[in-house]
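Below you'll find the structure, written out as structure tokens, and then a few comments.
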Amino acid sequence: MRKLLWVPCIMAFLIGPRPCEAQLATQVSDLVLNGITTAGGPNPAFSHAGHFMLGASQGSAEADQIFAEQAIVTFNDRMKNQLTNFPLGSSSGGFTYTFDSTTGAFIRSSTSFGPAFTERAVPLGRGRFSVGMNYEHTTFSSFGGESLRNGAITFYLPHTDCCAGADTPFNPGFEGDWMEVALDIKAKADTFLFIANAGLTDRLDVGVALPLTHVSLDTVAHATILRLATAGTNPPIHTFVQGEDVLSKDFSSSGTASGVGDIVLRSKYNVYRTARGGVAAAIDLKLPTGDSENLLGIGTTQAKVYVIASSEAGRFSPHVNFGYTASGAGDVTPQFGVPVTGVSDEVNYAGGTEFTPNPRVTVIGDIIGRTLRGAGTIAADTISLPYATGVSSSTNPVTGQPYRQLALTPGNLNLVLGSAGVKYNPSGNVLLTGNVLFPLTSGGLKSKVSFVLGVDIAFGG
């Protein structure tokens with residue numbers, strides 16, 4: 001009966017907080033580009049509320065506005081696609097067997113219990129199968145080398161051009177004011193990965209991995225009016241409180257989502273075998289079963305084709321993987337008129353070793369690399385904000401002091417992770433696992449350390 005105690009836990013997970021009305025996938029860009037408003041100006045007949053919301057642009061401010069929209073939407077798009085495509089634990093079974101025709105019994109084909117986030121060439125064995133579950137907790141901490149917390153990531157919104165056909169840079173001059181938006185983002189993901197594997201023949205394994213995911217995303221935008229053009233005006237033209245000189249205000253958006261993620265169908269065929277290893281070819285097919293609008297899935301099909309080589313040398317069991325992931329486009333609907341890249345193809349590579357200090361324990365170390373083709377790298381860059389020296393439309397623009405804003409450099413994005421852990425066999429064909437996953441590069445969306453706990457049970461024979 002105690003074995004069924006996990007059922008209400010999983011049910012509570014599934015029926016927990018549902019998505020808020022706003023979509024999590026576009027939470028950041030919606031908040032920054034639509035959710036920040038100022039108060040009206042000193043003239044009741046002409047309100048200044050919402051003049052930094054980046055509506056339809058015209059005239060000389062258009063280039064600045066497009067640049068700001070591109071920066072924010074690109075950041076949101078890249079963060080979304082990397083958060084929903086974070087590596088999960090390996091779905092490979094820990095116990096592998098081969099049939100001994102001389103004794104008529106199955107014997108262990110490997111003393112190691114296998115890797116944690118990569119694969120080995122050794123098959124499960126004909127008629128064998130295993131089931132298991134991994135739990136992974138990830139708290140994301142930085143993007144593009146900048147902390148997600150405490151306002152380290154900033155964007156700058158120009159004043160919306162109010163006067164079509166103007167032949168001066170700022171008409172009137174108060175359009176030279178800007179708004180700084182500093183972000184504080186809390187992004188977390190908890191995933192239960194349910195795993196089943198079966199050995200159809202002595203060489204062919206098939207399997208399925210079903211993730212149940214809970215995602216929470218909380219964004220605070222600390223907005224500050226930069227009075228580059230209207231400093232000293234009284235009453236203030238741009239303010240967050242009508243009639244008062246209030247330059248800063250926080251705006252926030254938060255939400256959670258729970259549900260089925262992207263299901264993975266797997267197959268592995270051992271094309272060359274030795275007594276303690278060999279070479280295998282594998283295919284993983286990820287199906288778009290998760291809600292991509294709320295960060296539960298990537299929104300498209302992915303097919304990963306890869307080669308696995310592994311062996312055993314005493315207590316060490318090295319392994320390497322190399323492959324390519326072909327991705328569908330995913331959601332490429334422009335946001336605020338800005339094109340997005342969607343999901344990238346990937347070059348995948350990994351390597352590591354297992355160490356078996358005694359028959360019940362396997363210690364694991366892996367390096368996992370992914371090259372996201374065409375995803376580009378995003379890092380802080382220095383920009384200057386043009387503004388007018390006064391509120392007169394006849395003044396010429398000057399360049400403001402340098403500011404830092406994330407910018408995209410086209411090309412590939414390289415992500416490298418390290419993992420370390422242990423697998424323990426308490427009794428029979430039961431395995432308990434514990435692993436940590438940590439970044440080795442500064443690019444892209446990173447977590448400090450992700451924790452993975454799991455259990456695996458083998459049957460058959």
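The values are calculated or read from the model by the stated rules, or taken from the named source; none is laboratory data. Nothing here was measured: the structure is a model prediction, and the numbers come from that model. Using ideal geometry, Cβ is built from the backbone for each residue, glycine included, and neighbour counts are taken over all protein chains shown.
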Residue hits (region 164-192; charged (D, E, K, R), at pLDDT below 85 and surrounded by fewer than 21 Cβ atoms within 10 Å (Cβ to Cβ)) are Asp167
Of the residues in region 134-155, those that are part of a strand (DSSP E or B) and in contact (Cβ under 8 Å) with a residue 40 or more places away in the chain number 14
Scanning region 221-262 for residues that are polar (S, T, N, Q), surrounded by 20 or more Cβ atoms within 10 Å (Cβ to Cβ) and not in a strand (DSSP E or B) gives Thr230, Thr239
Reported set for region 341-354 where residues are of a type in the set (A, V, I, L, M, F, W, C) and crowded, with 19+ Cβ neighbours inside 10 Å is Val343, Ala350
Within region 374-389, of all residues that are part of a strand (DSSP E or B) and of a type in the set (Ser, Thr, Tyr), the one nearest to Arg404 (Cα to Cα) is Thr382
Flagged in region 425-461 as among the hydroxyl-bearing types (Ser, Thr, Tyr) and either crowded, with 16+ Cβ neighbours inside 10 Å or farther than 30 Å from Ile185 by Cα (or both), in numbering order, are Ser427, Thr433, Ser447, Ser450
Picking from Pro357, Pro334, the residue that is more than 16 Å from the chain's Cα centre (by Cα), closer than 18 Å to Thr300 by Cα, surrounded by fewer than 21 Cβ atoms within 10 Å (Cβ to Cβ) and not small (Gly, Ala, Ser) would be Pro334
- Hey, does region 219-235 have a residue that's in contact with a Lys or Arg (Cβ under 9 Å, 6 or more places away or on another chain) and over 27 Å from Ile36 (Cα atoms)? no
Quiz item: Somewhere in region 292-313, is a residue part of a loop (DSSP other than H, G, I, E, B), under 17 Å from the mean Cα position of the chain (by Cα), acidic (Asp, Glu) and at pLDDT below 90?
Solution: no
Going through region 123-163 in order, the residues found to be within 18 Å of Ile457 (Cα to Cα), surrounded by fewer than 21 Cβ atoms within 10 Å (Cβ to Cβ) and not small (Gly, Ala, Ser) are Arg126, Phe129, Val131, Met133, Tyr135
Could you tell me whether Thr371 is touching a Lys or Arg at 6+ places or on another chain (Cβ under 6 Å) and in a strand (DSSP E or B)? no
